[in-house]
1. For Lys326 and Ile289, compute 0.36 nm times the residue count separating them, minus their Cα-Cα distance, and round to one decimal in nm.
2. Sorted from largest down, give the three principal axis spans of the alpha carbons of segment 57-224, whole angstrom values.
3. Given the peptides 199-206, 462-469, arrange them by the average over their residues of other C-beta atoms within 10 Å, most packed first.
4. Which GluC sites (Glu not before Pro) does segment 644-743 hold that lie in a coil by DSSP with at most 12 other beta carbons within 10 Å?
5. Over 18 Å, how big is the tail of the calculated P(r) for segment 609-664, in percent of all Cα pairs?
6. For segment 624-711, which chymotrypsin sites (Phe, Trp or Tyr not before Pro) pass both filters: DSSP loop (anything but H, G, I, E, B) and at most 16 other C-beta atoms within 10 Å?
7. May I have the pair-distance distribution P(r) for segment 336-443, computed from all Cα-Cα distances with 5 Å bins from 0 and rounded to whole percent?
8. For a quick check: with amide H placed at 1.01 Å from N, whose amide H comes under 5 Å from Asn57's, ignoring anything fewer than 5 positions away on the same chain?
Amino acid sequence: MLHFNRCQHLKKVTQKCISNIHVKTDKHAHRFLSRTFALAELRKSWYSTHSLVGDKNIILMGPPGAGKTTVGRIIGQKLGCCVIDVDDDILEKTWNMSVSEKLQDVGNEQFLEEEGKAVLNFSASGSVISLTGSNPMHDASMWHLKKNGIIVYLDVPLIDIIRRLKLMKIDRIVGQNSGTSMKDLLKFRRQYYKKWFDARVVCESGASPEEVADKVLKAIKRYQDVDSETFISTRHVWSKDCEQKVSAKFFSEAVIEGLASDGGLFVPAKEFPKLSCGEWKSLVGATYIERAQILLERCIHPADIPAARLGEMIETAYGENFACSKIAPVRHLSGNQFILELFHGPTGSFKDLSLQLMPHIFAHCIPSSCNYMILVATSGDTGSAVLNGFSHLNKNDKQRIAVVTFFPENGVSDFQKAQIISSQRENGWAVGVESDFDFCQTAIKRIFNDSDYTGFLTVEYGTILSSANSINWGRLLPQVVYHASAYLDLVSQGFISFGSPVDVCVPTGNFGNILAAVYAKMMGIPIRKFICASNQNRVLTDFIKTGHYDLRERKLAQTFSPSIDILKSSNLERHLHLMANKDGQLMTKLFYQLENQHHFQIEKVLVEKLQQDFVADWCSEGECLAAINSTYNTLGYILDPHTAVAKVVADRVQDKTCPVIISSTAHYSKFAPAIMQALKIKEINETSSSQLYLLGSYNALPPLHEALLERTKQQEKVEYQVCAADVNILKSHVEKLIQNQFI
């Protein structure tokens, strides 16, 4: 039984917030999740709707030449069920002529209508059905088939399809007019396949029909097993009384709750899904959006977000909001060093790569009967990124989801502060806190863990709290994609062959970015070393070198790289949990000790395990500015201060025996005063706009960030609130904002 909230108000909450909840069992087979008593019944309903037991069909979909008929016959033999080929068993018997004759007789448009009508008049159960390549282009017939089946998309590499069609001597398919190449038409058709599938099978180049059939059955088994992919807290322990595990959460619940009730962070109960070498190779020529769709489909069960809906979210997130069509391009800097440019999103930092997508995921997962207030702590870049991301939700979602971001009033750059404040919208606010990021982050965790307060908000205002920091799994997961995509880009550009190792170097504060690279390795990307780059706040570097996480006598220093001015690194807990074989009791002990004694020491065996994969070092302020200067003067490329920190560390510790991918986490436009100081430009006291225009006159790479430049032109003064470093005062602000937004 799952609890609606961590307090004694369950009955009243359920009456107030859940009275209008209903189970969605629409044609998308969408699982509607909430933290209520309805969840168990809902999963039973979802399972019964999608089980192969009984009258459900397995429906194979894909382009002509995908092998649907052959694979279907193999599956039919394995399962002992009827096999139906739409071409041979429905269309030709209905028309009394071959499909090619019919196409020649009636033309493309009329053919699709005639084909659709024939399928609409057909019904089957417990069968394997192989569709034609053009079936998905007729909506009514696809809805008819989908009602009683699971649609599996055979995603075959385009080059294989074209080769097979040549061997089959097929030179024309439905929809192909004179002047349209086969390749262009097959690309055009993909939009229809993506619209309908329930499960995707990535067919490796050269894979046999038997291998594809086995993958189809595995995909269906995963699709059916709605309880197989769950999440636990990093502090998850066995109960002493009953020796039963604490209830696991589903993806939707982990996203909604953000932070586990015991103060830990949600992690997958099982290992990350791993792609085969052939599957990775099939993604080498893919776009960022295509890579994201396939990787995230493997990590998010379709019962939480149907694959087709997830694809729509990804296309929305990474569509027009990014200045570069490659989303996260890799640029060769010099020698064995490559720059992963993560700053082409609307707010100019790597946070956009997750926060353009995460709000759509969150809105999909939450129940429609409750309001949600997202609390965010920012060290600089998250604030504007989260406000921007949630502002792009549709009108209905913005009425039930609001965001408040707390930032250190004097702990971010002037540009970052102005950007955060100006990013406020009708459902998002910024609050300056007279302290540092560590206080903001700790305060939010304390608010979440105050069951009396959260229960009061739910009962009094029908509002539940959640997070959008990287402590939220829905925020961290999309970051895995760009680390994998960077490696694939190096393969695509010919710098390496697949399987060759690379190192990654990440400017690190809260440990989320570098942890996402660890997860990319777990999925099959051959990363050799993770290089953790710190600024003067080098607590992580010291920890990786000694195993001693020590905050005693350590004060937070303000640096040119404010986004990593962090001492309490939240996501480190996730990695330690992974290294310690998911020992929740140890995590509870270590982080209780950190909270109360301000330090902890891990055992030697864990230190050695950590150092097998991680190396770390730190960069001084002088070295940071010198790196910006030398890189510009020798290569014509301007690094932002965080990227400069990473380059200094990479230069120092990387052995140059393999490529190193340096994460460039922000555009230099956000730190113009530091850049001008590094480049020894005298006009430092100019306005932000004139500073950027001056830097733009240097014709350096990367070019100026247009969205950031436009922000400097905004003359209107935007109001925001500032509060003292007191958790109770933060609570008061949250309550007032909830009253203004939802009451």
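The values are calculated or read from the model by the stated rules, or taken from the named source; none is laboratory data. Predicted model, so just to flag it, every value in this text is computed and none were measured. Note that each Cβ is placed from the backbone with ideal geometry, even for glycine, and that neighbours are counted across all protein chains shown. We work out accessible area using only protein heavy atoms, side chains counted, and drop any ligands, DNA or RNA first. Shrake-Rupley method; radii C 1.70, N 1.55, O 1.52, S 1.80 Å.
1. Roughly 12.4 nm would be gained on extension.
2. Answer, in whole Å and largest first: 42, 35, 25 Å.
3. On the way: 199-206: 20.6, 462-469: 23.8.
With the highest mean Cβ count within 10 Å placed first, the list reads 462-469, 199-206.
4. Details: sites: Glu683, Glu686, Glu706, Glu710, Glu716, Glu719, Glu735; in loops: Glu683, Glu686, Glu716, Glu719.
Answer by residue number: Glu683, Glu716, Glu719.
5. Details: 538 of 1540 pairs.
Tail of P(r) above 18 Å: 35 percent of Cα pairs.
6. Details: sites: Tyr632, Tyr637, Tyr668, Phe671, Tyr693, Tyr698; in loops: Tyr698.
Within segment 624-711, the qualifying chymotrypsin sites (Phe, Trp or Tyr not before Pro) (loop, at most 16 other Cβ atoms within 10 Å) are Tyr698.
7. With a bin width of 5 Å, the distribution comes to 2, 13, 22, 22, 18, 12, 6, 3, 1, 0, 0.
8. Correct list: Gly126, Ser127, Gly149, Ile150.
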